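Structure record follows, encoded as structure tokens.
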Amino acid sequence: MFRTSNPTMKPELFSPAQSWDDVSVEQGPSEARVKRAPVSHMTIQGTVNASFFLLAICVGTALLGWRGGLPVEAGGLGWNPMLIFLGGGLGGFVVAMITAFNPRGAMITAPIYAALEGVFVGGISAWYAQAFAQDNGALNTGLIFNAVLLTFGIFGGMLMGYTTRAIRPGPTFNKIVIAATFGIVIYGLIAFVASMFGAPSLASVYDPSNGGLISIGFSLFVVAIASANLILDFQLIEEGAANKAPKYMQWYGGFALLVTLVWLYLEVLRLLAKLQSRD
């Protein structure tokens, strides 16, 4: 089984369970009766259900974070959107680390992560809507709507491509995506450290107001890699179900998929903001 670049999607977690029987035999007085027991291992449908539940929580709290971060005159609560997304982001990161190291508790921690990450997404979306306001001062809700639409469009396209086998990941594809993902992470760390020591040029490609061609090209590359990570996640979930991994891995699989989806949304939002900055 390959290694995915998503740090939460550890292949060893999706290995076969030790003993997960779907049927049990009851010996009656005159005949043996086969009784189907409840499914006690990971399934595709179970993972889909868990994923939709987590996504619903994330969307719900995102709406709360969005309303909290909007100014009062726009129908919001007037809270500082930076405090909202920083609080949600830090809380989500802590819970994500707990979930990554304790997958058995994912049924509890994954919904908490989804709620906190929703607050983060809502807060940062409110910040973008205000930071990239239209010329007449109106909130740029179109930027947020387009980012959401494009994110789910990419997700649906990748899912359809994978389920129909139009996209067939192989060892070469997996290695390229993993290497590129780690390259993005390493570059981000180097850029952050460099900016701390007074050399912000490397981090300029992360500035959503930077409409330069290099900056936009970088964002296109990151969006492509984040999209490709969805394929690796789909594959690992499918293999986990085929290997009859423990049932709690349904929640862990949904959690890991949400991690990639939120990353994709943030990068799409950044890309659209850069493109708008060129106008």
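Where a number appears in this text, it was derived from the coordinates with a stated rule and is not lab data. Predicted model only: the values in this text are computed from it and were never measured. Reconstructed Cβ throughout: ideal geometry from the backbone, glycine too, with neighbour counts over all protein chains shown.
What to note about this one:
- Compactness of the chain, taken as the C-alpha radius of gyration over 2.2 N^0.38 Å, stands at 1.14.
- Relative contact order [Cα under 8 Å, 6+ residues apart], the chain, whole percent: 31
- Note on segment 131-157 and segment 98-125: Cα centroid distance 24 Å, given to the nearest whole angstrom.
- Normalised contact order of segment 188-279, rounded percent, pairs of Cα under 8 Å and 6 or more residues apart: 41
- For the peptides 168-175, 212-219, the ranking by mean Cβ contacts within 10 Å, running from highest to lowest, is 212-219, 168-175.
- Using the rule -39500 (n - 2.57) for each DSSP H run of four or more residues, divided by the residues of the chain, the 222 nm mean residue ellipticity is -23000 deg cm²/dmol.
- For segment 43-120: rounded, prolate or oblate by the Cα gyration tensor [a/c cutoff 1.5]: oblate
- When the chain is treated as a Gaussian network with alpha carbon springs shorter than 10 Å, the biggest mean-square fluctuation among 67, 165, 104 belongs to 165.
- Potential extension, residue 90-residue 192 segment - 0.36 nm per residue separation minus Cα distance: 35.0 nm
- Sorting 253-263, 131-141 by their mean Cβ neighbour count within 10 Å, with the most densely packed peptide first, gives 253-263, 131-141.
- Cα-based Lys proximity count in the chain, under 28 Å, for pairs eight or more positions apart or on separate chains: 6
- Gyration tensor verdict on segment 131-203 (Cα atoms; rounded if a/c is under 1.5, prolate if a/b is larger than b/c, oblate otherwise): oblate
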